[in-house]
Structure formats: C-alpha cells, structure tokens
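The values are calculated or read from the model by the stated rules, or taken from the named source; none is laboratory data. The model shown is predicted, which means the values in this text are computed figures rather than measured ones. Here the Cβ positions follow ideal geometry from the backbone for every residue, glycine too, while neighbour counts run over all protein chains shown.
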Ligand code: SF4
Ligand code: SF4
C-alpha cells in the first residue's frame, strides 16, 4: 500500500501523470478515488476487495481527456485497457497502468505490451456464479425464458447506469439518444427496454470485458451483466478470443460460411 502511494506521489510530483485513478476506503467497500495531489494519493488503498473496473474513467473525456492518467487496474480493468487501446481510444503515452502482481498487489507496467503479457499470465476471476445463472436461464423452455427476461426488464426505468459503468460504452452519442431515425423508444416500456438491452449487448460483441460492472451498477439489481456474459461466451465459441486485429463487429472473412442466414 505504502509502495503504491509513494510511486503515485512520485509520478504526480514529476508530472509524469496528472491524475491517478485508484481506490480509497468507502463506508463499506472501496470506492473510486481520483487523486491529483500527494495528499489525495495518501488515501489510496488496494486489496482483494478492489475489483471494480476503473477503466471506465479512462473513456470519460470530461475527467481524463488530454490528461496523463495512472490507473490501478484489476484484472477486468487490464482487459478493458487492452481492448480500448486496440480500438484507438487510448494513447499509450497517456496512460500508466499499475497491473496485478501474482500475490494480488499492484506494480507499474512499463508498456501496453506488458499489460497484455500480464493479462495472459493472470487467471481470470471465477465466473461460476454467472455460468450457473446462464445455465439456469438456458434450461428454461423458450416461453418461460421470454417471461423471465420481459418480467425483469419491465422494471427498467432507463436510467442508463449500466451504460455509464461500462468502459466500452464511450460513444459521444448513444443509439438510444438518436431520434433521426429513432431506433429505440426513449421511454421506459417493456419492449423498448428489451430492445435497449439487446442493442447495448450487441454493441459489446467481441469487446465486452465480462467485468459485470453493468449489472452491479443497476439500481434495481437487474441481471443485465448475464446477457453480456452469455454474449462473451457465444463470441468465444464462434470466433475465438478477441484479438487486436479487430473485433467481431468490424471485421469479416471473405470465406465466412454465413450460416446464420439460413
Ligand atoms: S460486463 Fe457490462 S460493463 Fe463490463 S464491459 Fe461488458 S457490457 Fe461493459
Ligand atoms: S441500469 Fe438498470 S434500470 Fe438503469 S437502464 Fe440499465 S437496466 Fe435499466
């Protein structure tokens, strides 16, 4: 902890970073801390309970745009940062990543190549709960599954906290706010809520970090991260692991069988 604080203070003092996105102790759980001074850096913590995906702040231009930013990166934040760089949403020289060490601490990684390497060396957190949830829903007959999702999503009041929590949702104008043409009704109603979530998750195909932040952010506790988790699984089964060569939404193979058409 002291090592992290010292290193961040050193980087802030030498102007190698303007801001550091990390965690501080909250009332019950760690909460995000944006540190811009040595005094603020003294409040930084990092332990196994710091699992939130702070990479979301890297794509919030009003906060970190044009600023050299350091970040405490949990496993999912490292995954998000890697993908955001592949999508040209971050510039290598503008971000300093403190990635996970094998003993659960943090260390400054020198380059994005090091972040990618560290990701390969680190086991992903268990997704047993999400896997069991997907299986339970898949085992339902189609009519029951439809009833489950329409009942859950009928409660959604379109606050867009799921979107705000997602590091990969960075468009300056979201499809739900476009009205020429208006693809999705802006008011909360069961079918337009279903459309919103289908659209949100479709936009994540091959990009989603599977961090669960969207579900964790929903004030109603709607399990929208389970839809994203299923999408991650389907993309992996059909296209393999995402690579920096392009995600499944923006690439195609001339010899694609296109068997989804039949
Ligand atoms: S799990 Fe949710 S919040 Fe995390 S990257 Fe995927 S869609 Fe975004
Ligand atoms: S966070 Fe929950 S209530 Fe808000 S838009 Fe997303 S699913 Fe709906």
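Among the listed residues 255, 247, which satisfies the condition of being more than 15 Å from ligand 1 (Cβ to nearest atom), outside the structural domain of residue 158 (by TED's automatic domain parsing) and more than 20 Å from residue 138 (Cβ to Cβ)?
255
Can you go through 22, 65, 52 and tell me which one is at pLDDT below 95 and either in contact with a strand residue (DSSP E or B) (Cβ under 8 Å, 6 or more places away or on another chain) or outside the structural domain of residue 90 (by TED's automatic domain parsing) (or both)?
Answer to the check: 52.
Conditions (1) modelled with pLDDT of 95 or more; (2) more than 16 Å from ligand 2 (Cβ to nearest atom); (3) more than 23 Å from the chain's Cα centre (by Cα), marked per residue:
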residue: 101; (1), (2), (3): no, yes, no
residue: 127; (1), (2), (3): yes, yes, no
residue: 131; (1), (2), (3): yes, yes, no
residue: 143; (1), (2), (3): yes, yes, yes
residue: 149; (1), (2), (3): yes, no, no
residue: 179; (1), (2), (3): no, yes, yes
residue: 185; (1), (2), (3): no, no, yes
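Pick from 167, 125, 102: which is in a loop (DSSP other than H, G, I, E, B) and either away from ligand 1 (no atom under 16 Å from the Cβ) or exposed (fewer than 12 other Cβ atoms within 10 Å of the Cβ) (or both)?
None of the others qualify; the one that does is 102.
Please go through the range 190-219 and pick out each residue that is within 12 Å of ligand 2 (Cβ to nearest atom), surrounded by 15 or more Cβ atoms within 10 Å (Cβ to Cβ) and part of a loop (DSSP other than H, G, I, E, B).
218
Name every residue in the range 168-183 that is closer than 27 Å to residue 76 by Cβ and either touching a helix residue (DSSP H, G or I) at 6+ places or on another chain (Cβ under 9 Å) or not assigned by TED's automatic domain parsing to the domain that holds residue 223 (or both), in order of residue number.
Once the filter is applied, which keeps residues that are closer than 27 Å to residue 76 by Cβ and either touching a helix residue (DSSP H, G or I) at 6+ places or on another chain (Cβ under 9 Å) or not assigned by TED's automatic domain parsing to the domain that holds residue 223 (or both), the range 168-183 yields 168, 169, 170, 172, 174, 175, 176.
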